[in-house]
Each structure stands twice: as structure tokens, then as C-alpha cells.
1. Check cross-link reach from K39 to the lysines: straight Cα distance under 29 Å, and skip same-chain residues fewer than eight apart.
2. What does the charge dipole of the stretch 222-343 about its Cα centre add up to, to the nearest 20 debye, if the Cβ of each Lys and Arg holds +1 and the Cβ of each Asp and Glu holds -1?
3. Going toward the positive end of the dipole of the stretch 5-97, with +1 on Lys and Arg Cβ and -1 on Asp and Glu Cβ, which of H89, A6, A71 do you reach last?
4. Of P187, G273, L340, which is farthest towards the positive pole of the chain's charge dipole, taken about the Cα centre with +1 and -1 on the beta-carbons of Lys, Arg and Asp, Glu respectively?
5. Measure off, as a whole percent, the carbon and sulfur share of the 1.4 Å-probe accessible area of the chain, all protein chains present.
6. Would you mind working out the accessible area per residue for the chain, using a 1.4 Å probe, and quoting it in Å²?
7. Work through the residues other than S354 whose Cβ is under 11 Å from its Cβ and net out their charges, Lys, Arg +1 and Asp, Glu -1.
8. Listed highest first by mean packing, meaning other Cβ atoms within 10 Å per residue, what order do 26-38, 121-133 come in?
Amino acid sequence: MSVEVAFQLAQQDGFSLDVRFDAPGAGVTALFGHSGSGKTTVLRCLAGLQRSSGFCRVNGAIWQDESHWLATHQRPIGYVFQEASLFPHMKVQGNLDFARRAAGTAGERPTVVTQKDIVELLGIGNLLQRAPKNLSGGERQRVAIARALLSQPQLLLMDEPLSALDHQAKENILPYLERLHNELSLPVIYVSHDPAEVARLADRMVLLEQGRVKASGPVAGLLTSLKLPLAHLSNASSILEGQVSGHDHSFHLTTIDCGGNRFLVPREDLRIGTRTRLQIQARDVSLALSSRHDTSILNIFPADIIDVRDADATQLLVQLRLLDEQTLLARITRRSGLALGLSPGQRVYAQVKSVALLH
């Protein structure tokens, strides 16, 4: 079960697209890149809205190849745009009912999830009798996502669904997107130019540059590779996979076990064994040549240096491998790096000052 893509096209404005990538049959694959890199064009090709050469296969079904091309209405997709395009003359319930009826006329599609489940997952039960004009931007997008899911898609396409929202609205909707990621077995192709958003939501990433695939693979690896531009951003971060292993009720802390590296984070009401992810900003990681105990920092781990590069005239980027083979990124001053004599292969101790728990 997977999504296999190879698209080629040349547009009159001089832009050309030549991409090839695979995505798993479940989880979120982010298309990431600057404006004009081809992210939305790839999405339009997947949807059949843009004619292109090449092929597209979703869960074993050919959507297009040299002799075969399915029109948009024949492709079992859900599409969420930057702006929620709800029917203004229908209440929320009417918009959802329309999507469900439309799915019933598109042939026999396996049910992804019931309307009751979707309403609960996206927290829109209290919005069903309201008109779209009376919803906030974040509420409209949650309804748009629900409507897309009720079309019973085999592939969900999301074109920067948070870009039109302010910071607080983004923060309000992100937990719902995380719930969809965790609970739905559905491939999602998610377009974004926000690395923090990608780090929080995606499993894999396809990095686009001028209509070409510059790199693709697990998000954690691409975020910390010093050969790619993501690690050189001022807000660069690392993602670590782990699971909840305990709670310290006295100090209101939760322990996350990342392959033997035990991180302490502020208490979260999560069951023991729950899989989760940690996000760590590169600027929140300092380095030492020995393990320190006379410090207020709780999370200190041995790590081996993979690579060291200049970030700018004053700072260095250091890519680290933890004992469980996961990678961590540190951003430190060049002065400190020279004083410590940092070089690839060296054992150091990563001191993590702040950790964000991603549900």
C-alpha cells in the first residue's frame, strides 16, 4: 500500500516540473519548499487538475500512465485548500451531508471513518447547526477537513491548510490534525513552507527546489542533515521518536524513553507506553566534553558528532548521533566550538535545555 508518483510537465511561464517520489500508504508526507518550488503543482497533478506526463499509482490502482488517465471526479481524493471552500447557503451539517451523499455516487469506496468519528476527532459537534459565516477561520478549516474525509478518499491532499490562519488559530487546530495523523490509516500529502508545522505533523518529507526533488525521506533525518537547507534555518529543530515510560507525581514530570535516552518533560496526562515525538530546537542544545551534574539542566545525554559546519560568521551547526542512532542538532557559537575542539567522531554530551512534546 503506497503512493507512487512521477510527473513531468512544462508550463508556458517557463516553469518545469520533473519529480519522482514514493509515499507510504498511511501517515503524512509533507511537500516542502519555497514558493514556486512546485508543491501545489504536484498536488494538482495528483488530483488530476493539471495534465502531466508520467504515472501515478495509489494503493495499487493506476490513476495515470502512458495510456491511462483518470479525471478528477474519478480519483478517490479529498482536497483541503488554503481557504475553506464551504457552501455558504448550507449549515455545517448540510456541508457534511453533501460530502457523504457525493461519496455514495462515486462508486463503492471503502469507508475510511464514520461521520460520528470525524465529528468527534475534529471537535465540531457544537458547530453542526451554525452557518459558515459564523465560524472562525480555524473552525471553517476543521469543517473543510471533515467534509474532505466524508468523501471517503483513498488519498487526502492538503494545500497549506493553515497558511490563512493567525498564530493562535494555528495553535488551536494543530492538535486536531495530530489526532487525525495518529488515528486515521490514510495517506496524506501535505503541502507546507513552515518547517515547524512539518516537524509537528509529518512522518516523511519531499523537499522540492525549482520543480525537482532535492531530497526525500523520514522527516527526522532531513531536518538534521547539514547538507540540506532545513538545518541552517534560524528555527531549525530535531524530532525524536519515543514512548511514555513513567510519571513523577512529586515534581509533575513525565519520562519519555527514546531508545534508552530518558527525557524529562513537564507532566502530560498520557498512558504508559503511548508513542510520541519530541521536538528540540537546535539553539536549545549546548555541548560539553564531560557529563555534568552541577547544573539545572535535566536532560543530558552522550552523543557522537556526525558533522560540524558553519551556520554563519558567529555560529556552528553540529549534527549528533544519540545512542539509539537518532540524530540531534545543536547550534552553538564558533568560539565555543573551537574551544572544545569539536570534530566528527568525537564523543560529547548534549545538554538539552528545552523539549516540546508532540502528541
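The values are calculated or read from the model by the stated rules, or taken from the named source; none is laboratory data. As the structure is a prediction and not an experimental result, all values here were calculated from the model. Cβ coordinates were reconstructed from backbone atoms using ideal geometry, including for glycine residues, and neighbour counts include every protein chain displayed. Only protein heavy atoms, including side chains, enter the accessible area calculation; ligands, DNA and RNA are left aside. Shrake-Rupley method; radii C 1.70, N 1.55, O 1.52, S 1.80 Å.
1. The qualifying lysines are K170, K214, K227.
2. Details: 13 positive and 13 negative charges, 46 e Å.
Using Cβ point charges on Lys, Arg, Asp and Glu, the stretch 222-343 gives about 220 debye.
3. H89
4. Toward the positive end, the furthest listed residue is P187.
5. Values: 8110 of 16770 Å².
Here carbon and sulfur together make up 48 percent of the probe-accessible area.
6. Values: 16770 Å² over 359 residues.
With the other protein chains kept in place, the chain gives 47 Å² per residue.
7. On the way: positive: R283, K353; negative: D284.
Every neighbour counted, the sum reads +1.
8. Working: 26-38: 20.5, 121-133: 15.6.
Result, highest mean Cβ count within 10 Å first: 26-38, 121-133.
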